[in-house]
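I have placed the structure first, in the form of structure tokens, so that the comments after it can refer back to it.
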Amino acid sequence: MYSTSVEAWVSDSHLIFDCNNLQRINYAKSIYIGDHVWLGKLTNVLKGSKIGSGAIVGTHSVVTKKIPSNTSWGGVPARQIGKDVFFVGYNAQPYKAEDIEVHSTYQSDRWIFNEDENTICFDQIENALNSLGNPTEKANYLVELDKNKKKNRFYIPE
């Protein structure tokens with residue numbers, strides 16, 4: 001669930017070089033985002049970030065690293081502010097007192113992610129993509145990967 005003005009940057013806008021050896025130091029890096037992730041308004045996800053399924057990132061945050069599943073993060077740069085949490089997509093703003101009472105407990109573990117036989121490491125995906133020769137092969141790989149709708153496919157442990 002992405003709010004408004006969320007940005008993801010896989011590279012920097014300008015090239016940066018080391019003064020000592022004149023070698024470039026800021027190459028592009030992939031971003032991976034799991035299932036059922038909530039990115040708050042004006043969140044920026046920077047190159048190399050990996051966000052596990054069920055993670056929550058608060059408004060105005062800047063993500064620069066790995067975020068484990070079912071954790072909440074906020075700030076610049078984002079830091080962990082909660083763990084063992086999940087969200088549901090209902091808008092609770094119009095709730096009345098009786099609605100709050102009815103929804104004080106969730107009746108399912110649907111949004112709790114764990115490692116199991118369906119978990120796919122983002123590094124495995126990156127390695128597979130790097131081993132493929134052309135954009136068509138990479139696109140076909142991603143299409144096949146997307147057919148796997150198993151719950152814990154993008155779990156990241158804490």
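The values are calculated or read from the model by the stated rules, or taken from the named source; none is laboratory data. From a predicted model like this one, the values you see are computed outputs, not experimental measurements. Every residue, glycine as well, gets a Cβ built from its backbone with ideal geometry; the counts of neighbours run over all protein chains shown. For the accessible areas, the whole protein counts, side chains as well, though only heavy atoms, and no ligand, DNA or RNA atoms are used. Shrake-Rupley method; radii C 1.70, N 1.55, O 1.52, S 1.80 Å.
Name the single residue that is least open to solvent (accessible area, probe 1.4 Å) among those in region 31-52 being on the phi > 0 side of the Ramachandran plot and in contact (Cβ under 8 Å) with a residue 24 or more places away in the chain. Break it down stepwise before answering.
Taking region 31-52 as the starting set, the residues that turn out to be on the phi > 0 side of the Ramachandran plot are 36, 42, 48.
Now drop any that are not in contact (Cβ under 8 Å) with a residue 24 or more places away in the chain, which leaves 36, 42.
On the way: H36: 44, L42: 62 Å².
Here the residue is H36.
Among the residues in region 33-40, are any over 21 Å from Y155 (Cβ atoms) and in a loop (DSSP other than H, G, I, E, B)? Before you say what the answer is, go through the steps one by one.
Kept after step one, since they are over 21 Å from Y155 (Cβ atoms), are these residues of region 33-40: 40.
Narrowing the set further to residues that are in a loop (DSSP other than H, G, I, E, B) leaves 40.
Taking every residue of region 33-40 in turn, at least one turns out to be over 21 Å from Y155 (Cβ atoms) and in a loop (DSSP other than H, G, I, E, B).
Give the residues of region 64-79 that are open to solvent by less than 100 Å² (accessible area, probe 1.4 Å) and either without any contact (Cβ under 8 Å) to a residue 12 or more places away in the chain or in a loop (DSSP other than H, G, I, E, B) (or both), sorted by residue number.
First pass over region 64-79, keeping only residues open to solvent by less than 100 Å² (accessible area, probe 1.4 Å): 64, 67-75, 77-78.
Across region 64-79, the qualifying residues are T64, P68, S69, N70, G75, P77, A78.
For every residue, the table says whether it meets (1) at pLDDT 95 or above; (2) surrounded by 10 or more Cβ atoms within 10 Å (Cβ to Cβ); (3) assigned to a loop (DSSP other than H, G, I, E, B); (4) not aliphatic (A, V, I, L, M).
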{"site": "Q93", "(1), (2), (3), (4)": "no, no, yes, yes"}
{"site": "D99", "(1), (2), (3), (4)": "no, yes, no, yes"}
{"site": "S104", "(1), (2), (3), (4)": "no, no, yes, yes"}
{"site": "F113", "(1), (2), (3), (4)": "yes, yes, yes, yes"}
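Kindly check whether there is at least one residue in region 116-131 that is in a loop (DSSP other than H, G, I, E, B), in contact (Cβ under 8 Å) with a residue 12 or more places away in the chain, exposed (fewer than 12 other Cβ atoms within 10 Å of the Cβ) and more than 14 Å from the chain's Cα centre (by Cα).
Of region 116-131, the ones in a loop (DSSP other than H, G, I, E, B) are 116-121.
Retained after the next criterion (residues that are in contact (Cβ under 8 Å) with a residue 12 or more places away in the chain): 116, 118-120.
Still in the list and also exposed (fewer than 12 other Cβ atoms within 10 Å of the Cβ): 116.
Among the residues that remain, those that are also more than 14 Å from the chain's Cα centre (by Cα) are: 116.
Scanning region 116-131, I find at least one residue that is in a loop (DSSP other than H, G, I, E, B), in contact (Cβ under 8 Å) with a residue 12 or more places away in the chain, exposed (fewer than 12 other Cβ atoms within 10 Å of the Cβ) and more than 14 Å from the chain's Cα centre (by Cα), so the answer is yes.
I'm trying to understand the selection: among the residues of region 145-154, which are open to solvent by 50 Å² or more (accessible area, probe 1.4 Å) and either among the basic types (K, R) or at pLDDT 95 or above (or both)?
Narrowing region 145-154 to residues open to solvent by 50 Å² or more (accessible area, probe 1.4 Å): 146-147, 149-151.
Residues satisfying the conditions are K147, K149, K150, K151.
Sort through V10, V6 and tell me the only one that's modelled with pLDDT of 95 or more and under 22 Å from N70 (Cβ atoms). It would help to see each step written out before you state the result.
Details: V10 fails: under 22 Å from N70 (Cβ atoms).
Among V10, V6, only V6 is modelled with pLDDT of 95 or more and under 22 Å from N70 (Cβ atoms).
Tell me the residue from T71, T64 that is of a type outside the set (D, E, K, R), out of contact with any Phe, Trp or Tyr (no Cβ under 9 Å at 6 or more places or on another chain) and under 23 Å from K149 (Cβ atoms), please. Even if it seems obvious, please write down each step before you answer.
Working: T64 fails: under 23 Å from K149 (Cβ atoms).
One residue alone meets the criteria, T71.
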